[in-house]
Amino acid sequence: MRTNIIIHGDCIDELKKIPAQAIDLIFADPPYNMQLKNPLYRPNNTKVDGVDDPWDKFDSFAEYDLFCTAWLTECRRILKDSGSIWVIGSYHNIFRIGNIMLNLGFWILNDVTWYKANPMPNFMGTRFTNATETLLWCSKSERCKKYTFNHKMMKRYNNDKQMTSVWKIGLCTGGERIKGADGKKAHSTQKPEELLKRVILSSTRKDDVVLDPFFGTGTTGTTAKKLGRKFIGIERDGDYVKIAQDRIDSVHTLWEEAGWIEEEQGRRTRVPFESLVKEKMIRAGDVLYARKDCGVTALVLENGTLQYKGVTGSIHKIGAMIQQTPFCNGWKFWYTVKNNRSRLIDELRDEYMQKHCGL
Ligand SMILES: C[S@@+](CC[C@H](N)C(=O)[O-])C[C@H]1O[C@@H](n2cnc3c(N)ncnc32)[C@H](O)[C@@H]1O
């Protein structure tokens with residue numbers, strides 16, 4: 001089976017050509033059937049750039065249900081017994097999809113809420129601002145219990161706290177949002193890479209095959225590539241296929257998290273930063289230097305936390321705060337400088353493990 005490809009075609013036809021039990025993970029962001037009948041306007045009469053694309057329109061709920069039953073049936077067939085599927089939707093469609101999935105035999109593992117940090121307001125003030133979407137994460141059946149869940153990795157990704165099923169992530173904006181030559185959004189529903197990063201990181205292993213039957217701008221393929229996973233995308237619209245291919249071709253470096261599985265395997269013992277302070281490899285009162293020559297320093301405290309501009313927190317939390325990112329691997333962010341020699345604290349952790357854990 002060819003991987004790292006985008007198939008230009010209808011997903012039901014194309015899914016039928018894929019052998020049974022071939023795919024490790026499916027991420028599906030199908031049409032939501034938003035049923036937007038009239039254009040939306042803001043109070044100042046400017047038009048809201050809503051999802052009114054022809055691909056999102058169905059004549060009836062019955063037609064939508066038939067469509068979803070067809071592609072979900074094929075997805076279940078091609079999924080390995082050890083695989084799992086994520087389907088994202090809004091209140092418009094997710095309950096219908098959940099019902100269809102349960103009837104087909106899928107088993108819900110989590111309903112993850114994507115809490116949008118920057119939702120579009122309800123301009124007319126007729127309802128609450130809709131600030132969430134739902135991701136159903138399912139195994140093939142209740143019997144299929146050997147699905148991948150990288151619990152330790154997700155905990156590490158979440159500053160050493162167990163990750164919950166509520167994910168606060170901004171909409172896809174700024175440099176990540178793909179624009180056309182006219183400066184307008186190239187696709188109305190491009191998903192943020194952070195969302196796909198959590199999906200793929202949590203439920204695949206390196207080299208696993210991730211399939212997305214509604215590929216759009218290729219967020220799934222882009223993220224899979226950055227995490228060292230393989231992908232298959234299916235998309236009906238030729239313009240989106242081209243956008244997605246260009247986007248994926250422009251990825252040349254892996255995300256740091258791509259190597260975490262191997263690291264976890266080699267490093268079964270977790271070492272808290274505090275252990276290095278107790279061992280006096282780093283002392284309370286020492287200064288740590290942030291990477292990328294950003295000129296930032298933080299003070300090491302007795303209990304293994306850092307103090308920066310009056311805020312106290314773990315090496316990960318303070319690193320994330322400085323970079324203004326949701327997460328940071330502090331081990332690869334902070335340096336010590338002794339006798340004019342700078343060393344990443346991750347190297348000191350390795351030394352600690354060699355001494356105490358025989359690794
Ligand atoms: C909600 S968008 C996916 C957006 C994507 N997740 C991203 O981040 O760019 C759904 C996509 O599915 C495509 N699509 C709709 N019906 C399809 C079908 N039957 N087969 C293949 N693609 C389809 C649309 O063209 C659209 O690009």
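What follows is calculated from the coordinates using simple rules that are stated; it is not laboratory data. As the structure is a computational prediction, the values presented were derived from the model and not from experiment. Using ideal geometry, Cβ is built from the backbone for each residue, glycine included, and neighbour counts are taken over all protein chains shown.
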Summing -39500 (n - 2.57) over every DSSP H run of at least 4 residues in the chain and dividing by its residue count gives a helix-only mean residue ellipticity at 222 nm, to the nearest 500 deg cm²/dmol, of -8500 deg cm²/dmol
Using alpha carbon positions and the Kirkwood radius, the Rg to Rh ratio of the range 1-108 is 1.04
Between the Cα axis of helix 238-249 and the main Cα principal axis of the chain, the angle (0 to 90°, nearest 10) is 10 degrees
Taking the range 209-317, the whole-percent share of alpha-carbon pairs separated by over 24 angstrom is 52 percent
For the chain, the dipole about the Cα centre with charges only on Cβ (Lys and Arg +1, Asp and Glu -1), to the nearest 20 debye, works out at 1080 debye
Volume per residue (Å³) of the convex hull spanned by the alpha carbons of the range 103-189 is 181 Å³
Output for the range 55-148: GluC sites (Glu not before Pro) sitting in coil per DSSP, at most 14 other Cβ within 10 Å, listed by number, reads Glu142
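What ranking do 85-96, 101-112 get when scored by the average of other Cβ atoms within 10 Å per residue, highest first? Please report the intermediate quantities before stating the final value.
Working: 85-96: 19.5, 101-112: 16.2.
Highest-to-lowest ranking by the protection proxy: 85-96, 101-112.
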Answer check: the range 161-268, Cα atoms, Kirkwood Rh, Rg/Rh ratio of 0.99
Length-normalised contact order of the range 31-177, Cα under 8 Å, at least 6 apart, in percent, tallies to 25 percent
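Please give the peptides 171-183, 8-20 ranked by average Cβ packing (other Cβ atoms within 10 Å per residue), highest first, as a rough proxy for protection.
Ranking the peptides 171-183, 8-20 by packing returns 8-20, 171-183.
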Amide H proximity to Leu211 below 5 Å, modelled H, separation 5+ or other chain, gives Leu25, Ile26, Phe27, Ile232
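In percent, how large is the relative contact order of the range 5-264, given Cα pairs closer than 8 Å and 6 or more residues apart?
Across the range 5-264, relative contact order equals 23 percent.
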Cross-link reach from Lys145 to lysines, straight Cα distance under 27 Å and at least 8 residues apart if same chain, gives Lys16, Lys17, Lys80, Lys155, Lys161, Lys197, Lys206, Lys225, Lys230
Longest principal axis of the chain (C-alpha) makes with the long axis of helix 94-104 (C-alpha) an angle, in degrees to the nearest 10, of 80 degrees
tail above 35 Å in the computed P(r) of the chain, as % of all Cα-Cα pairs, reads 33 percent
For the range 268-357, the Debye formula with one identical point scatterer on each Cα and no solvent gives log10 I(q)/I(0) at q = 0.23 Å⁻¹ as -1.22
